[in-house]
Amino acid sequence: MSPDLTHAETRAPSRRELGVDLARGVAVVSMFVAHTAPGAGPGDVLMLSEFLTFPLFALLVGAGTELGARALGPAAHAVASFVRASALLALGWALAQAGAHIVIVLAPLGVLTLLCWAVSRLPTTLVLGVAVIAGLVAPWTIEASRSTWIQLAVDGETGKLWWFDLLVSNYYPQAVLLLCGCVGILLVRLLLPPQGQPVGLTLPAGLLVGCIGVVGLLSWARLTGRVDLVAYETTWSEELFVTALATGVFVACLLVARWPVSRVLRPLAWVGGMTLTVYSLQVVWLAWWARGLFPGTPDDAWANVVGMTLVAVLVAALWRRFGLPAPWRRGPLEGVVGTGVASALRLLPGHDPDRVPAVVSPTRTEVGEPLERR
């Protein structure tokens, strides 16, 4: 779901980052748990999905944007980002009409796609500055907009409320999304060099240990009553927790992708490659559950958690068996959006969408298609 279409001056091959797709797959499974798990699990461990899902999706938008920014000029990258953002906004609005008992994240991620395009053109120091500012002002944006949000809800202004929620939703505040998107940009710059040897294990391992430490410390503070840590509350402590959690999962996936054991996780990466399609199928299924199959019955059921996970893996595996060309190889909706991006780029003077990036990362592994069709 991220604008990572690229082009370049040579036809050298470039492949998808296995670790990034693994992280996308983890985000999808975490989403299933957050949306439909009927319990918190032993030690409330499944509650972590409520803290992880949307920050990890936002982080991946930033990561994908940075991968695209390496080979596209500002104009071409802007066009690709605009097309993808428009698709996310349109699909997010359509899925919101389906009637599933979940809050759709696609439209806020569409706005984030455009914001990350702008931020990805900045030097690293300024990206870090944007992340800090976004994190600091996020709680204020919720408090400052609360009365307006309530008034729109009371007046039944559903249309205006939908647009208002793109920026200051109680569930997906754009400032928190931007914070995580900036972190995704920074992590790609740190851990996925565009050329040369991959970074050593010390840096990612150190980041992972640090994230585990932050998550562990805040969890201890919550259990001992020192910190009030509640999902979607948009406090500074909650922002730090979700950012560290999403960062730790992303870095762990990049590390796992380096090891031979990653081969057994490729089905999860295939799911991550067709996130938009899987997300939409989930919403359609849960809307059918709510309106047709079991009206009035909560969709919180282990059958949904396990069933949707297995179906996602099966659909992704079967789709790959068709052997379709890029961009359709990832999934049907991914193909539609990718075709739209490619068509828009062909309208740019001097742009050749058939060329692939000269930037080749040695950490890339064949999972899907060339990067320019991601």
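Give region 307-345 a look and list any residue that's closer than 24 Å to Leu286 by Cα and of a type in the set (Gly, Ala, Ser), or say none.
Matches in region 307-345: Gly307, Ala312, Ala316, Ala317, Gly331, Gly335.
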Q: Would you check if there is a residue in region 1-23 being at pLDDT 95 or above, among the hydrophobic types (A, V, I, L, M, F, W, C), surrounded by 24 or more Cβ atoms within 10 Å (Cβ to Cβ) and closer than 30 Å to Trp220 by Cβ?
A: yes
Q: Determine, yes or no, whether Ser86 is assigned to a helix (DSSP H, G or I), surrounded by 22 or more Cβ atoms within 10 Å (Cβ to Cβ) and hydroxyl-bearing (Ser, Thr, Tyr).
A: no
Q | Condition met for Val176 (under 23 Å from Trp259 (Cα atoms), surrounded by 21 or more Cβ atoms within 10 Å (Cβ to Cβ) and not small (Gly, Ala, Ser)) | A | no
Q | Unmet requirement for Ser169, which otherwise passes all of (1) buried (at least 18 other Cβ atoms within 10 Å of the Cβ); (2) of a type in the set (S, T, N, Q); (3) over 22 Å from the mean Cα position of the chain (by Cα) | A | (3)
Q: State whether one or more residues within region 180-203 are more than 30 Å from Leu91 (Cβ to Cβ), under 24 Å from the mean Cα position of the chain (by Cα), of a type outside the set (A, V, I, L, M) and assigned to a helix (DSSP H, G or I).
A: no
Q: Identify all residues within region 91-125 that are assigned to a helix (DSSP H, G or I) and among the small types (Gly, Ala, Ser); write none if there are none.
A: Gly92, Ala94, Ala96, Ala107, Gly110, Ala118, Ser120
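Specify which of the listed residues (Val79, Val105) is of a type outside the set (D, E, K, R) and under 16 Å from Val28 (Cα atoms).
Val105
So which residues in region 89-121 are in contact with an Asp or Glu (Cβ under 7 Å, 6 or more places away or on another chain) and buried (at least 21 other Cβ atoms within 10 Å of the Cβ), if there are any at all? Outline the logic, then answer.
Our first condition is that a residue be in contact with an Asp or Glu (Cβ under 7 Å, 6 or more places away or on another chain); within region 89-121, this holds for 101, 120.
Hit for region 89-121 is Ser120, nothing else.
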Q) With (1) surrounded by fewer than 20 Cβ atoms within 10 Å (Cβ to Cβ); (2) part of a helix (DSSP H, G or I) as the list, and Val271 as the residue in question, which single condition is left unmet? A) (1)
Q: Give the residue, chosen from Val45, Val61, that is assigned to a helix (DSSP H, G or I), of a type in the set (A, V, I, L, M) and in contact with a helix residue (DSSP H, G or I) (Cβ under 6 Å, 6 or more places away or on another chain).
A: Val61
(Q) On the basis of being within 18 Å of Ala34 (Cα to Cα), in a helix (DSSP H, G or I) and free of Cβ contacts under 8 Å to residues at least 60 places away in the same chain, does Val284 make the cut? (A) no
Q) Of the residues Leu218, Leu207, Leu229, Leu128, which single one is part of a helix (DSSP H, G or I) and either in contact (Cβ under 8 Å) with a residue 60 or more places away in the chain or surrounded by fewer than 19 Cβ atoms within 10 Å (Cβ to Cβ) (or both)? A) Leu128
Q | Checking Ala71 against (1) assigned to a helix (DSSP H, G or I); (2) among the aliphatic types (A, V, I, L, M); (3) over 13 Å from the mean Cα position of the chain (by Cα), the condition it does not meet | A | (1)
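The values are calculated or read from the model by the stated rules, or taken from the named source; none is laboratory data. Fair warning: this is a prediction, and the values are worked out from it, not measured in the lab. Neighbour counts run over all protein chains shown; Cβ positions are idealised from the backbone, glycine included.
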